[in-house]
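The values are calculated or read from the model by the stated rules, or taken from the named source; none is laboratory data. The shown structure was predicted, so the numbers you read here are calculated from the model rather than taken from an experiment. Every residue, glycine as well, gets a Cβ built from its backbone with ideal geometry; the counts of neighbours run over all protein chains shown.
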Amino acid sequence: MGASKGIKQAVILAGGLGTRLMPLTKNTPKPMVLVNNRPFLEYLISLLRDNGIEEIVLLLGYLAGKVQKHFRDGSGFGVKIKYSVSSVSTETGKRIKKAAKLLDDTFLLMYCDNYWQLNLREMMEFYISKNKKYMMTVYSNSLGITKNNVLVSKDGIVLKYDKERKDKGLNGVDIGFFILKKDILKLMPSSNLSFEKMITPKLIKKRELAAYTTNIRYYSVSTVEKLKLTEEFLRPKKIALIDRDGIINKRPLKARYIRSWKQFKFLPGAIKSLGLLKRNGFRLILISNQAGIGRGLMTEKDLKKIHENMQKALKRGNADLDAIYCCPHSWEDNCECRKPKPGMILRAANDLSFDVTKAVFIGDDERDIQAGKNAGCKTILISKGDAANSSPDMICKSLEEAAELLVNHKKYKQSAI
Ligand SMILES: [Mg+2]
């Protein structure tokens, strides 16, 4: 992801009691709760370091010593860590204010219980383009995983914040990951105040709070149930998202469709390549546009039949797909799933709990690469000719070459794609 211009510091609110996580937080502060045998905060720190953050200020309270003892000055984690410790009863706003001397002019403010696949470079570009001093990251809740608590205008300004989540006309969820200017401290009285209850409404009233809206879902450790989902999500996985026509089977002519199993012809080397990926621990997920259904040229049943036969043949080569996602809509339907939109990929990521930023999309069409990019994946274009305009991360001549690369290439292997 590389370094981000202008922002080097993250401030994490990590002082709460974590009552909703009891009994896990009886003797352990929330940031130290184990997720796959690692304190949750380690994941956040890796995420920040990979985004070019150099310094992290931890705002601690409950069992602060346990956090400090583990992370020390941060050198063991590739960052510099500073601490500001206040009493357990101190509210979020006051915790920030107390850390005034440690704060950079512009910093990233986070809650310690949300994990989201931050791309700070993209966020900063948006922040600069909005020309507002403050910005909140808002999950679009396109999968409907929770209740909304903010209203964002079409031009990206937060208009409402409802901590109680009662208002019906809301369209997103505050997930933290704020970009703030230090002068926000001037808006804070010295009383014991909560950031979200006191400061967020002030910024909204001044129309000074931009919203960076993301379709990528976030994960949380705020309750035991959510922690379980997060644990599964953060377990390392290798994911290959694969287009069908032109990758697995011979591509039909433009605006034609494979309507029956008879018309389906595997490309040479396809089964072998999928088998190689599978043997090396990749989960294989098909992501395919099948507008022939929406255009009335074939039925869902026809497609199902083709895929049943395809899976049988793949299974014989130990190369069957782990999941299949198809968009049946015509381009006129304006759905959320048809590539280049990222709907199918985001749905798959949610269903199979994987990190889209560590998954790779393999396709033969510019729309595949755009869909992959729109979802935040790495992308490989299979092309024998010129590279398309979509600038994929890699270009390979065949699925075989792509599979070899993913399995053997050190860089790809180690990035836990
Ligand atoms: Mg294709």
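Observations
- Inspection of the stretch 208-223 finds no residue satisfying the criterion of being within 16 Å of the ligand (Cβ to nearest atom), out of contact with any strand residue (DSSP E or B) (no Cβ under 9 Å at 6 or more places or on another chain) and more than 25 Å from residue 124 (Cβ to Cβ).
- Condition check for residue 277: in the same structural domain as residue 345 (by TED's automatic domain parsing), more than 16 Å from the ligand (Cβ to nearest atom) and assigned to a helix (DSSP H, G or I): yes
- Flag for residue 61 being over 16 Å from residue 79 (Cα atoms), without any contact (Cβ under 8 Å) to a residue 60 or more places away in the chain and of a type in the set (Gly, Ala, Ser): yes
- Among the numbered conditions (1) modelled with pLDDT of 95 or more; (2) under 22 Å from residue 352 (Cα atoms), the only one that residue 182 does not meet is (2).
- Subset of the stretch 228-269 [over 28 Å from residue 37 (Cβ atoms), more than 12 Å from the ligand (Cβ to nearest atom) and small (Gly, Ala, Ser)]: 255, 260, 269
- Here residue 252 clears all of (1) buried (at least 18 other Cβ atoms within 10 Å of the Cβ); (2) outside any strand (DSSP E or B) except the condition numbered (1).
- Qualifying residue in the stretch 303-311 (condition: outside any helix (DSSP H, G or I), modelled with pLDDT of 95 or more and not charged (D, E, K, R)): no
- Test: residue 297 is part of a loop (DSSP other than H, G, I, E, B), more than 15 Å from the ligand (Cβ to nearest atom) and either polar (S, T, N, Q) or not assigned by TED's automatic domain parsing to the domain that holds residue 230 (or both): yes
- Looking across the stretch 357-367, the residues that are over 18 Å from residue 401 (Cα atoms) and within 11 Å of the ligand (Cβ to nearest atom) come down to 366, 367.
- Tally of residues being surrounded by 15 or more Cβ atoms within 10 Å (Cβ to Cβ) and without any contact (Cβ under 8 Å) to a residue 60 or more places away in the chain across the stretch 147-180: 15
To keep it simple, each residue is scored yes or no on (1) surrounded by 17 or more Cβ atoms within 10 Å (Cβ to Cβ); (2) out of contact with any Lys or Arg (no Cβ under 9 Å at 6 or more places or on another chain); (3) in the same structural domain as residue 111 (by TED's automatic domain parsing).
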| residue | (1), (2), (3) |
| --- | --- |
| 18 | yes, no, yes |
| 23 | no, yes, yes |
| 27 | no, no, yes |
| 34 | no, yes, yes |
| 37 | no, yes, yes |
| 43 | yes, yes, yes |
| 68 | no, yes, yes |
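- Restricting the stretch 371-385 to residues that are surrounded by 21 or more Cβ atoms within 10 Å (Cβ to Cβ) and more than 16 Å from residue 244 (Cα to Cα) leaves a set whose member that is farthest from the ligand (Cβ to nearest atom) is 376.
- Residue 110 part of a helix (DSSP H, G or I) and modelled with pLDDT of 95 or more: no
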